[in-house]
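A short reminder: the numbers here are calculations on the coordinates, not readings from a lab. For clarity, every value in this text was computed on a predicted model and none was experimentally measured. Reconstructed Cβ throughout: ideal geometry from the backbone, glycine too, with neighbour counts over all protein chains shown.
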Amino acid sequence: MSRFPRTLPRRRGTAVHVVVSGGAGFLGSHLCEALIARGDSVTCVDNLSTGRLENLTALLDHPDFTIVEEDVTTWVAPSRHVDAVAHLASAASPPDYHRMPLETLLVGSRGTERMLELADSHGARFIVASTSEVYGDPHVHPQREDYWGHVNPVGPRSVYDEAKRYAEAVSMAYSRTRGTNVGIVRIFNTYGPRMRANDGRVVTSFIAQALNDDAITIYGDGSQTRSFCYVDDLIRGLVAMLDSRETGPINIGNPAERTVSSLAELVIALSGSSSEIEYFPLPQDDPTRRRPNIELAFRHLSWTPRVNILEGLKRTIDWFASRPGEVHEASSALQGGQMGDESSVDRHFAKPAA
């Protein structure tokens, strides 16, 4: 029996058809697998600018899975009926959205509009993967959904932050003016297998450096905090939101808060590494605290995380250990500064990745 219960309406004689944008990415591929596992039909749309076909290896020959290698900002959807749309397409790691600033803004704006149009035209459920970044460097802790945030709209990370804030705004506009069945999920740091070793996020950077026995680089004094959610838990939350009629926004994340320094020490211990820790200046606009209030997720979606940080990191470290070439290349880039001055701490919030 699937661990993802079905509540999306099934039309007589047909499977529920879900379009997942960014479905070849870290989160998108796990979501596609979860939907296929419970009997849905899935169309994945991804231009592979940050996603990877290898993430979908187990699905490529499945009769209910279709991949379309196109950009969601220009994709013309076929006439086949759509029951739900999950919009996850976006560059999500700092190296990616700094490399593709205009594309990041475009997929958050025009891409979201096109996915909303698709959902609206079919009377389908629509969910958008937003981010804890909409809270910026918060003055309220833990972060509740009714907090408006403290965000720099013109800073170095604004292309990602504002793309997601616009995605939320346009989703609500469709809900209010057209009655579109919209749901907004604010995703907090998520980690797990299929992340890219060179994506510049804190978990992947630390693991790559530890497995290579290189120095682990922390930007700031390490006292800044994050809350890390394992990918399986996050996907359960996304599916629950997809199946509901909740509008949100609703936070999905693990409220167990820890410092970046303690994360580095835990990765070293779990990987059996001889790495030492080095500290560098904190990047501009880097939030000092981040922790979700998940009362709404519990109340409306019956969702709470199940995988603790020890188990989640063990699984993630084991997965990266099976990819030594990628790990070595990523760690070498980190040590050489090739990934930029935001590469090793946590401008690395694991957010919905395309």
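Modelled label positions at THR304 and GLU69, each set 7 Å beyond Cα in the direction of Cβ, lie 4.5 nm from each other. Compared with the dominant Cα axis of the chain, that is its longest principal axis, helix 26-37 is turned about 40°. Packing here is the average count of other Cβ atoms within 10 Å per residue, and on that basis the peptides 177-185, 57-65, highest first, run 177-185, 57-65.
At a 10 angstrom cut-off on C-beta neighbours, averaged per residue, how do the peptides 18-30, 309-321 rank from highest to lowest? Don't skip to the answer; put the middle values down first.
Values: 18-30: 29.3, 309-321: 16.8.
Per-residue Cβ counts within 10 Å, averaged per peptide and sorted highest first, yield 18-30, 309-321.
With the simple model of a label 7 Å out from the Cα in the direction of the Cβ, TYR147 to ARG176 spans 2.4 nm. Seen against the Cα atoms of the chain and their longest principal axis, helix 231-243 is set at about 20 degrees. Computed from the Cβ-Cβ distance with R0 of 35 Å, the FRET efficiency linking ASP137 to HIS62 stands at 0.25. Could you compute the net charge surrounding ALA215? Neighbours are other residues with a C-beta less than 12 Å from the C-beta of ALA215; K and R count +1, D and E count -1. Taking every Cβ under 12 Å from that of ALA215, the sum is -4.
Counting Lys and Arg as +1 and Asp and Glu as -1, what is the net charge of the other residues whose Cβ lies under 12 Å from the Cβ of ALA333? Kindly include the intermediate steps, with their values, before the conclusion.
On the way: positive: ARG196; negative: ASP199, ASP214, GLU326, GLU329.
Net charge around ALA333: -3.
Which of the peptides 95-105, 42-52 is most tightly packed, and how do the rest follow, judged by the mean count of other Cβ atoms within 10 Å per residue?
Values: 95-105: 19.4, 42-52: 23.3.
Taking the mean over residues of other Cβ atoms within 10 Å, the ranking is 42-52, 95-105.
As a ratio to 2.2 N^0.38 Å, the alpha-carbon radius of gyration for the range 258-315 is 1.52. Per-residue ellipticity at 222 nm, computed for the chain from helices alone with -39500 (n - 2.57) per DSSP H run of at least four residues, works out to -10500 deg cm²/dmol.
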